[in-house]
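Q: Could you have a look at this structure, given as structure tokens, before my questions?
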Amino acid sequence: MSTVTNTGDYPANHVQITLTAPQGWTITPATPAPVGNVAPGSHASATWQLSAPDNATSGAITLTARATYQGVNGGGTATGTATVSVPYSSLSAAYDNIGITDDNNPGAGAFASSGKTYSAQALAAAGITAGSAVTYGGTSFTWPSASPGTPDNVEANGQVVALSGSGSTLAFLGASTNGTQGGTGTVYYSDGTSQQFTASFSDWWAPTSEDQVVAAMSYQNQPSGQYQHTASLYYPYRSSPARP
């Protein structure tokens, strides 16, 4: 929906709104939408239906709305922008960070801004290997199958990921850096409804008393080699249940 508000002292007449999107997207209606005259302090809206092309790039795209009108001083225009997210086809398609490195090439990633990462060998010693099942809290996770030194995790920043299936619990494995980090997300269901959830992770260096430690590796990797400090992986306690 695009909304235009008349913040002036006189009517805006013959208002029309046009929406534009990246090339290949389909917008219905494709022609300017007439919304009539808008009195001072009032607003009017136009509703659009968008269809993404099959080859649309995942991530955020920008939409631009442009309103034209006739006022006491002649014609005028107003513009505004908004972003929508194209879902990633899977969690692995959204990987944007290298958090695990081989001890023989410890500088290939940077889970933390300091360049430190989880060690593939230390994870294996804790029973976690590429593509393996990790079971905790009654939930079975599949560990990323990515090779050490390649993208293997997602830095949460509003990405939308397509999922399928059903269940009664929304669960995560993860950790944060630079202190405990968390936020709010949304599950969108196929029936058009949605449900919000919250989740947070302790810093991988030091778990809080709230998060549950799934595994604690005896050392981390840094570009110059091993760094003797625990690297933990968590099942967060502040993860809200999903709708059955």
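The values are calculated or read from the model by the stated rules, or taken from the named source; none is laboratory data. The structure presented is a predicted model; accordingly, all values stated were derived computationally and were not measured. Positions of Cβ are generated from backbone atoms using ideal geometry, with glycine treated the same way; all protein chains shown enter the neighbour counts.
Q: Hand me the list of strands (runs of 3 or more DSSP E) wholly inside region 122-241 holding 1 or more residues that are hydrophobic (A, V, I, L, M, F, W, C).
A: Values: elements: 133-136, 139-142, 181-188, 194-201, 212-217, 220-222, 225-227, 231-235.
Qualifying strands (runs of 3 or more DSSP E): 133-136, 139-142, 181-188, 194-201, 212-217, 231-235.
Per-residue answers, yes or no, for (1) of a type outside the set (Val, Ile, Thr); (2) closer than 18 Å to TYR234 by Cβ; (3) within 13 Å of the chain's Cα centre (by Cα):
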{"residue": "GLY158", "(1), (2), (3)": "yes, no, yes"}
{"residue": "GLY165", "(1), (2), (3)": "yes, no, no"}
{"residue": "GLY174", "(1), (2), (3)": "yes, yes, no"}
{"residue": "THR177", "(1), (2), (3)": "no, yes, no"}
{"residue": "GLY192", "(1), (2), (3)": "yes, no, no"}
{"residue": "PHE201", "(1), (2), (3)": "yes, yes, no"}
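Q: Then there's this: Can you tell me which residue is surrounded by the most Cβ atoms within 10 Å (Cβ to Cβ) among those in region 110-120 that are part of a loop (DSSP other than H, G, I, E, B) and polar (S, T, N, Q)? Outline the logic, then answer.
A: Just the residues of region 110-120 that are part of a loop (DSSP other than H, G, I, E, B), to begin with: 110-116.
Still in the list and also polar (S, T, N, Q): 113-114.
On the way: SER113: 8, SER114: 13.
Step by step, filter region 110-120, then rank; the result is SER114.
Q: Now for a separate question. If LEU123 passes every condition in (1) surrounded by 16 or more Cβ atoms within 10 Å (Cβ to Cβ); (2) closer than 26 Å to GLY59 by Cα; (3) of a type in the set (A, V, I, L, M) but one, which one does it miss?
A: Failed condition: (2).
Q: Scan region 65-97 for residues that are in a strand (DSSP E or B), under 26 Å from ALA162 (Cβ atoms) and free of Cβ contacts under 8 Å to residues at least 60 places away in the same chain and jot them down.
A: Those that are in a strand (DSSP E or B), under 26 Å from ALA162 (Cβ atoms) and free of Cβ contacts under 8 Å to residues at least 60 places away in the same chain: THR81, ALA82, THR83, VAL84, ASN97.
Q: A follow-up question, please. Evaluate region 150-168: report whether one residue or more is at pLDDT below 95, farther than 27 Å from ALA56 by Cβ and not basic (Lys, Arg).
A: yes
Q: Residues being in contact with a strand residue (DSSP E or B) (Cβ under 7 Å, 6 or more places away or on another chain) and surrounded by fewer than 12 Cβ atoms within 10 Å (Cβ to Cβ): count how many of those fall in region 53-79.
A: As a first pass, look at region 53-79 and keep what is in contact with a strand residue (DSSP E or B) (Cβ under 7 Å, 6 or more places away or on another chain): 56-71, 75-79.
When the remaining residues are screened for being surrounded by fewer than 12 Cβ atoms within 10 Å (Cβ to Cβ), the result is 57, 62, 75, 77, 79.
Final tally of qualifying residues: 5.
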